[in-house]
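Comments concern the structure below.
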Amino acid sequence: MAGLLGLSRLIDGINRFIGKQVSWLILVAVLVSAYNATVRFVGDGLPAYLPIPRASNSLLELQWYLYGTVFMLAAAYTLLRNEHIRIDIVSSFFSKRTRDWVDLFCHIFFLLPFVTLLTWLSWPWFHRSFVSGEISANASGLIIWPAKFMVLAGFVLLTAQALSEIVKRIAVLRGLIDEPNPQHALHPAAEAAIEMEDKGRD
């Protein structure tokens, strides 16, 4: 189990680093979006001799490339932080240990098969695009394969994080480690109350 926990820490470290770094792409996406909107609004009034890129399909596609990259590469970090959407109507009646067993069951029988299947399906989808040099059908559009690679990379990271969460949940149930996400030890109602207090202080 020590070896698996070591692997889990490595996976957590990689996804924590990637998740924090790709968050900066949101700023880049916002700047690209703002620039594109501004140029479209005042484009006709700009002198033709100014070397300023005009609004184009490539800028529009760059926006969704950036947002898509953040969504895919930060998904594993979201799982690591236990920040994914939960439905607490039922789990609010469960004890902490029961919620741990529910998490373990769902990770093994739902999350892991799902992300493994999508990783397996994403590889040929990306590979065909890469080999063919697929380009957007839109005028002045971007190449497509980098976006498809981000889908593949996102599911690879999410698969690895699913394995890490399974290892940690087993270790918590066996009393080998403390709860890695302290808020998970709280009753869902108490957790929600703390989140509301944190938002109020912000």
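The values are calculated or read from the model by the stated rules, or taken from the named source; none is laboratory data. Since the structure is predicted, the reported quantities are computational estimates derived from the model, not experimental observations. Heads up, the Cβs are rebuilt from the backbone with ideal geometry, glycines too, and the neighbour counts pull from every protein chain shown. Each accessible area value is taken on the protein alone, full model and side chains, heavy atoms only, with ligands, DNA and RNA left out. Shrake-Rupley method; radii C 1.70, N 1.55, O 1.52, S 1.80 Å.
Quick one: is PHE93 in a helix (DSSP H, G or I) and aromatic (Phe, Trp, Tyr)? Judged against the criteria, PHE93 is not a match. Of all residues in region 126-142, those being closer than 18 Å to GLY68 by Cα and within 22 Å of the chain's Cα centre (by Cα) number 1. Pairing each residue of region 159-178 that is touching a residue at least 24 places away in the same chain (Cβ under 8 Å) with any residue that is outside any helix (DSSP H, G or I) and of a type outside the set (D, E, K, R), provided the two are 6+ apart or on different chains, yields C-beta distances under 6 Å for LYS168/PRO180; ALA171/ILE177. If I filter region 104-120 for residues that are modelled with pLDDT under 90 and open to solvent by 70 Å² or more (accessible area, probe 1.4 Å), do I get at least one hit? No, the conditions are met nowhere in region 104-120.
For SER129, the test of being out of contact with any Gly (no Cβ under 9 Å at 6 or more places or on another chain) and loosely packed, with under 12 Cβ neighbours inside 10 Å is failed. Just wondering, is there one or more residues in region 77-87 that are in a helix (DSSP H, G or I) and at pLDDT below 85? No - not one qualifying residue is present in region 77-87.
Restricting attention to region 1-46 and to residues that are hydrophobic (A, V, I, L, M, F, W, C), within 27 Å of GLY175 (Cβ to Cβ) and in contact (Cβ under 8 Å) with a residue 24 or more places away in the chain, the residue that is surrounded by the fewest Cβ atoms within 10 Å (Cβ to Cβ) turns out to be MET1.
Kindly evaluate TYR65 against the criterion of being over 30 Å from GLU179 (Cβ atoms), modelled with pLDDT of 70 or more, of a type in the set (Phe, Trp, Tyr) and under 18 Å from the mean Cα position of the chain (by Cα). Taking the combined requirement at face value, the residue satisfies it.
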